[in-house]
Amino acid sequence: MAASTRFAAPMAQLIDELRKLPGVGTKTAQRFAFHILRSSDRDADALAGSIRALKAALRLCSVCNNVTDVDPCSYCTSPSRSQRLICVVEEPTNIAAVEKTRTWNGVYHVLHGTLSPVNGVGPEQLRLGNLWPRLADAEELIMATSPTVEGEATSRFVADQARALHPDLRVTRIATGVPAGSDIEYADEVTMTRALENRRQI
Ligand SMILES: [Zn+2]
């Protein structure tokens, strides 16, 4: 349902836009919109400007699909990281969970999603096309997708495809130190460190 016609058109339009944000329902969207209306011109401009700047400055790394303002991103060009160890994650935010451990010295590949037949997400919706050429020089591919049904299915699919292309490639899965069914985004540092250290070949 579109935002109520009880509001003036610009207000209704803002409420409609805010409702598209994850976790924001109509009530919250209305609260945000009225807060913005009451805020100073400067604050409102800063909010609008930072949204525009974000879209103008950020893009996906052409190598690993991480969100970046330079392409390739700083991980992909880092001389102190092994470009031959590739950690596959679901979302750009998952990189932070791995980085927090300070034990990972490789690079990443961000899928921007997981396989989910119920939601109509197939392999073609994942950002996999630029992963396959990277495997030619890779030493290990670590599947760090979440231990959810979708995360496990995605891990299996990517691992199978990778092995079909490169039978000698070492493919591993992070240990289930990350609580089953949870998102790796919420794993604490100790849990994530253990999950990485105890990864097993699949
Ligand atoms: Zn990158």
For segment 44-51, does any single residue satisfy the condition of being of a type in the set (A, V, I, L, M, F, W, C), at pLDDT 95 or above and within 16 Å of the ligand (Cβ to nearest atom)? no
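What number of residues within segment 124-148 satisfy the criterion of being closer than 17 Å to Glu91 by Cβ and touching a residue at least 24 places away in the same chain (Cβ under 8 Å)?
Looking only at segment 124-148, we keep the residues that are closer than 17 Å to Glu91 by Cβ, and these are 125-128, 130-131, 142-148.
Next, from what is left, pick out any that are touching a residue at least 24 places away in the same chain (Cβ under 8 Å): 126-128, 130-131, 142-148.
Within segment 124-148, residues that are closer than 17 Å to Glu91 by Cβ and touching a residue at least 24 places away in the same chain (Cβ under 8 Å) number 12.
Mind telling me which of the residues Arg38, Arg31 ends up being exposed (fewer than 11 other Cβ atoms within 10 Å of the Cβ), over 30 Å from Ile95 (Cβ atoms) and modelled with pLDDT of 95 or more?
Working: Arg31 fails: exposed (fewer than 11 other Cβ atoms within 10 Å of the Cβ).
The unique qualifying residue is Arg38.
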Residue among Cys87, Cys73 that is in contact with a Phe, Trp or Tyr (Cβ under 7 Å, 6 or more places away or on another chain) and within 15 Å of Arg134 (Cβ to Cβ): Cys87
Within segment 82-111, work out how many residues are within 20 Å of Glu189 (Cα to Cα) and either of a type in the set (Lys, Arg) or not assigned by TED's automatic domain parsing to the domain that holds Ala162 (or both). 2
If a residue must be over 28 Å from the mean Cα position of the chain (by Cα) and surrounded by 11 or more Cβ atoms within 10 Å (Cβ to Cβ), how many such residues does segment 41-52 contain? 3
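Hey, any hits in segment 86-108 for a residue that's more than 23 Å from Ala195 (Cα to Cα) and hydroxyl-bearing (Ser, Thr, Tyr)?
Among the residues of segment 86-108, not one is more than 23 Å from Ala195 (Cα to Cα) and hydroxyl-bearing (Ser, Thr, Tyr), which makes the answer no.
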Inspect segment 62-75 for any residue being modelled with pLDDT of 95 or more and either surrounded by fewer than 13 Cβ atoms within 10 Å (Cβ to Cβ) or of a type in the set (Lys, Arg) (or both) and give the result as yes or no. yes
So how many residues does segment 78-124 have that are within 14 Å of the ligand (Cβ to nearest atom) and in a strand (DSSP E or B)? 9
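Identify the residue in segment 31-75 that is hydrophobic (A, V, I, L, M, F, W, C) and in contact with a strand residue (DSSP E or B) (Cβ under 6 Å, 6 or more places away or on another chain) and, among all such residues, is nearest to His112 (Cα to Cα). Quick ask: steps written out before the conclusion?
Initial filter on segment 31-75 (hydrophobic (A, V, I, L, M, F, W, C)): 32-34, 36-37, 44, 46-48, 51, 53-54, 56-58, 60-61, 63-64, 67, 70, 73.
Then drop every residue that is not in contact with a strand residue (DSSP E or B) (Cβ under 6 Å, 6 or more places away or on another chain), which leaves 58, 61, 64.
Working: Leu58: 15, Cys61: 12, Cys64: 11 Å.
Per the stated criteria, the residue is Cys64.
Could you identify the single residue in Leu135, Leu128 that is assigned by TED's automatic domain parsing to the domain that holds Glu197, surrounded by 15 or more Cβ atoms within 10 Å (Cβ to Cβ) and part of a loop (DSSP other than H, G, I, E, B)?
Values: Leu135 fails: part of a loop (DSSP other than H, G, I, E, B).
That would be Leu128, the only listed residue that is assigned by TED's automatic domain parsing to the domain that holds Glu197, surrounded by 15 or more Cβ atoms within 10 Å (Cβ to Cβ) and part of a loop (DSSP other than H, G, I, E, B).
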Of those in segment 157-175 that are over 20 Å from Arg84 (Cβ atoms) and free of Cβ contacts under 8 Å to residues at least 40 places away in the same chain, the residue nearest to the chain's Cα centre (by Cα) is Ala175
Which pairs do you get when a residue that is under 19 Å from Leu141 (Cβ atoms) and touching a residue at least 40 places away in the same chain (Cβ under 8 Å), found in segment 55-84, comes within reach of a residue that is among the hydroxyl-bearing types (Ser, Thr, Tyr) and within 6 Å of the ligand (Cβ to nearest atom), reach meaning Cβ atoms under 7 angstrom, with the pair 6+ apart or on two chains? Cys64/Tyr75; Asn66/Tyr75
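The values are calculated or read from the model by the stated rules, or taken from the named source; none is laboratory data. If you're wondering where the values come from, they're calculated on a predicted model, not measured in any experiment. For neighbour counting, all protein chains shown are included, and Cβ atoms are generated from backbone atoms with ideal geometry for every residue, glycine included.
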